[in-house]
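**Student:** One structure, pasted below without further comment.
The values are calculated or read from the model by the stated rules, or taken from the named source; none is laboratory data. The shown structure was predicted, so the numbers you read here are calculated from the model rather than taken from an experiment. In this analysis, Cβ positions are derived from the backbone assuming ideal geometry, glycine residues included, and neighbour counts consider all displayed protein chains. Side chains included, ligands, DNA and RNA excluded: accessible areas come from the protein's heavy atoms. Shrake-Rupley method; radii C 1.70, N 1.55, O 1.52, S 1.80 Å.
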Amino acid sequence: MALFVQLLALALALALDPAATLAGPAKSPYQLVLQHSRLRGRQHGPNVCAVQKVIGTNKKYFTNCKQWYQRKICGKSTVISYECCPGYEKVPGEKGCPAALPLSNLYETLGVVGSTTTQLYTDRTEKLRPEMEGPGSFTIFAPSNEAWASLPAEVLDSLVSNVNIELLNALRYHMVGRRVLTDELKHGMTLTSMYQNSDIQIHHYPNGIVTVNCARLLKADHHATNGVVHLIDKVISTVTNNIQQIIEIEDTFETLRAAVAASGLNTMLEGNGQYTLLAPTNEAFEKIPSETLNRILGDPEALRDLLNNHILKSAMCAEAIVAGLSLETLEGTTLEVGCSGDMLTVNGKAIISNKDILATNGVIHYIDELLIPDSAKTLFELAAESDVSTAIDLFRQAGLGTHLSGSERLTLLAPLNSVFKDGTPPIDAHTRNLLRNHIIKDQLASKYLYHGQTLETLGGKKLRVFVYRNSLCIENSCIAAHDKRGRYGTLFTMDRVLTPPMGTVMDVLKGDNRFSMLVAAIQSAGLTETLNREGVYTVFAPTNEAFRALPPRERSRLLGDAKELANILKYHVGDEILVSGGIGALVRLKSLQGDKLEVSLKNNVVSVNKEPVAEPDIMATNGVVHVITNVLQPPANRPQERGDELADSALEIFKQASAFSRASQRSVRLAPVYQRLLERMKH
């Protein structure tokens with residue numbers, strides 16, 4: 001049965017793609033897209049391909065899976081039509097396209113594929129038609145009729161006015177002296193044309209689009225008796241200049257030319273390779289504040305980073321972009337390159353003014369806006385593109401602006417704007433010192449931070465790093481967005497204002513009148529030394545009101561029993577530092593008493609054992625204090641759990657007493673035991 005299923009699947013695959021073989025090579029992206037189009041068209045008969053046509057244009061595309069469901073090309077709606085797949089034709093009275101096209105010579109095949117204008121111009125030359133009709137093996141990348149019609153009039157006039165030189169040479173440049181099918185067209189390869197052995201550049205993209213000197217293959221692999229015809233959407237011309245030479249001769253690249261020379265990238269741009277240069281025009285440079293531009297142009301490292309951010313690692317022709325793509329630059333950054341109709345976009349902006357200027361080592365697209373990478377920016381410039389403008393204004397008002405625009409190696413901890421929704425603090429000595437403690441004296445990267453690491457601030461404080469399962473925090477403030485690493489400084493976007501530790505846990509408690517009863521209890525229990533020494537503690541600190549809320553009898557009993565008091569207080573102290581940003585949904589924190597505390601966070605409210613915390617994250621040098629308004633009870637001391645335990649004990653005693661009573665008739669002696677148990681359960 002299994003063998004039958006496998007054979008059936010194989011037969012179905014072969015039926016869907018008659019060109020498939022039992023052990024053929026891996027299909028190229030173009031062939032996979034063609035196969036998908038054939039699959040989508042199979043209900044209309046054999047050898048029918050589904051084609052997407054952009055509404056309002058003559059542009060057609062074989063469809064891949066993503067485009068099929070989105071029904072869009074470059075953001076424009078498409079309609080589906082069904083046509084004969086390349087190499088097949090209809091037969092009157094039969095469904096689909098059952099017949100293979102008859103083989104004829106190259107000249108006649110041009111008419112079959114829709115390149116009658118190429119036929120016409122071939123006729124005008126004296127030598128080319130006999131060659132196309134005669135023996136041999138050739139490939140011709142034939143421009144469509146629309147491609148010829150779209151040529152500028154002066155270009156077309158220069159060709160047809162000298163048919164046996166200019167026109168003949170142009171046509172020969174579209175030809176290769178051997179048969180080349182799409183499975184041989186590899187990305188980045190060159191083919192030798194029949195015009196002075198000039199190179200033709202081939203790019204075969206993962207989305208199935210194939211370009212020839214940036215002209216898109218429309219219909220491929222039309223076999224002829226003496227070769228193969230591929231229909232393309234442009235008339236192509238010879239390429240003689242490399243990227244650097246184009247920069248040298250174009251007036252609109254005057255500033256770019258000087259920048260490339262200063263950076264030393266001219267050697268790379270005139271060498272071998274396949275790059276895409278998003279070339280900023282003079283206008284693009286003029287849009288940048290002169291102070292910023294002069295700073296970058298005068299800094300070789302920043303300048304090189306800037307230019308590398310405009311160079312993609314591979315040649316990307318405009319015709320290959322039918323949806324958004326993430327493309328890596330030589331700088332290591334990622335640019336979102338997409339399209340909207342006929343316009344190319346970079347990071348969502350239609351800033352490409354001229355596209356597909358082909359060079360021997362890649363392709364150039366003109367852009368009218370500079371793409372400055374983070375690595376060439378100051379901290380001020382990094383912050384201008386982040387949600388931290390309120391904090392940056394505070395740093396500026398506090399006179400710390402020179403640190404954020406200079407060449408010091410620093411890391412800025414900038415709270416989000418939402419942190420200041422209730423207003424900003426006045427700029428006084430305290431605020432200035434607080435802001436200085438938001439600047440670390442080193443340029444950091446969050447991926448290298450580790451738990452327990454200490455960081456020194458401009459204000460002289462030592463800040464600790466806490467690594468939790470889902471957050472990375474510095475003291476009470478946690479990183480809320482990815483780092484932005486600039487030329488000299490790094491920006492950490494933080495979820496709250498950072499409060500440096502101001503003493504030990506005992507110092508914090510003694511300095512706050514809300515905790516006078518807790519301090520006295522700690523001293524009575526002999527825990528002062530513990531909370532004064534180095535350590536990592538999380539203290540849930542009951543206020544005076546929390547102690548006063550205890551029943552007077554229980555409060556007196558507790559404060560009068562040093563051992564039980566120490567046990568209760570240790571239950572309020574966790575054995576690690578847990579700030580609110582590190583809690584997540586629920587954390588079970590082991591206490592110094594031994595039992596675990598259940599700490600949770602919901603709707604930005606911290607709770608311990610389901611009781612809300614009144615004020616979280618008071619930082620100490622040896623821990624963190626969270627203010628609570630009730631005294632926590634260890635599990636063994638909680639009324640419900642204690643009652644359950646006593647009830648179980650009473651039941652066991654009752655069973656034993658009943659048995660004893662039946663044996664000795666002395667059960668009356670157990671009445672006082674029951675009475676004592678009931679009294680304890682009431683309390």
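**Student:** Looking at (1) at pLDDT 90 or above; (2) outside the structural domain of Val419 (by the TED database); (3) not polar (S, T, N, Q), can you tell me which one Leu382 breaks?
**Tutor:** Leu382 satisfies all of (1) at pLDDT 90 or above; (2) outside the structural domain of Val419 (by the TED database); (3) not polar (S, T, N, Q) except (2).
**Student:** Then there's this: Can you find, within segment 201-216, the residue that is farthest from Phe62 (Cα to Cα) among those that are touching a Ser or Thr at 6+ places or on another chain (Cβ under 8 Å) and surrounded by fewer than 23 Cβ atoms within 10 Å (Cβ to Cβ)?
**Tutor:** Taking the candidates together, the pick is Ile202.
**Student:** Continuing with the same structure: Pick out, from segment 277-366, the strands (runs of 3 or more DSSP E) lying fully within it that include 1 or more residues that are crowded, with 20+ Cβ neighbours inside 10 Å and not assigned by the TED database to the domain that holds Ser77.
**Tutor:** The strands (runs of 3 or more DSSP E) meeting that bar are 334-340, 343-346, 352-359.
**Student:** In the set Ala26, Ala99, which member is surrounded by fewer than 18 Cβ atoms within 10 Å (Cβ to Cβ), closer than 25 Å to Thr118 by Cβ and among the aliphatic types (A, V, I, L, M)?
**Tutor:** Ala99
**Student:** Would you mind finding the one in Thr267, Thr238 that is in the same structural domain as Asp299 (by the TED database), of a type in the set (Val, Ile, Thr) and open to solvent by 30 Å² or more (accessible area, probe 1.4 Å)?
**Tutor:** Thr267
**Student:** May I ask you to verify whether Asp393 is outside any loop (DSSP other than H, G, I, E, B) and surrounded by fewer than 19 Cβ atoms within 10 Å (Cβ to Cβ)?
**Tutor:** yes
**Student:** Which strands (runs of 3 or more DSSP E) sit wholly inside segment 598-639 and have at least 3 residues that are under 30 Å from Ser556 (Cβ atoms)?
**Tutor:** Where strands (runs of 3 or more DSSP E) fall fully within segment 598-639 and carry at least 3 residues being under 30 Å from Ser556 (Cβ atoms), they are 611-620, 623-628.
**Student:** OK, next. Considering only segment 396-419, how many residues are open to solvent by 30 Å² or more (accessible area, probe 1.4 Å) and either of a type in the set (Ser, Thr, Tyr) or free of Cβ contacts under 8 Å to residues at least 40 places away in the same chain (or both)?
**Tutor:** Going through segment 396-419 one residue at a time, the tally reaches 8.
**Student:** Also, quick follow-up: Just to be sure before I move on: is Glu248 out of contact with any Pro (no Cβ under 8 Å at 6 or more places or on another chain), among the charged types (D, E, K, R), in contact (Cβ under 8 Å) with a residue 24 or more places away in the chain and part of a helix (DSSP H, G or I) in the structure I sent?
**Tutor:** no
**Student:** Could you figure out which of (1) of a type in the set (Ser, Thr, Tyr); (2) under 27 Å from Arg588 (Cβ atoms); (3) in a strand (DSSP E or B) isn't true of Thr411?
**Tutor:** (2)
**Student:** Contact list please: Cβ distance under 7 Å, first residue in segment 572-598 and at pLDDT 95 or above, second residue among the β-branched types (Val, Ile, Thr) and open to solvent by 20 Å² or more (accessible area, probe 1.4 Å), pairs at least six apart or on different chains.
**Tutor:** Pairs found: Glu576/Val536; Ile577/Val536; Leu578/Val587.
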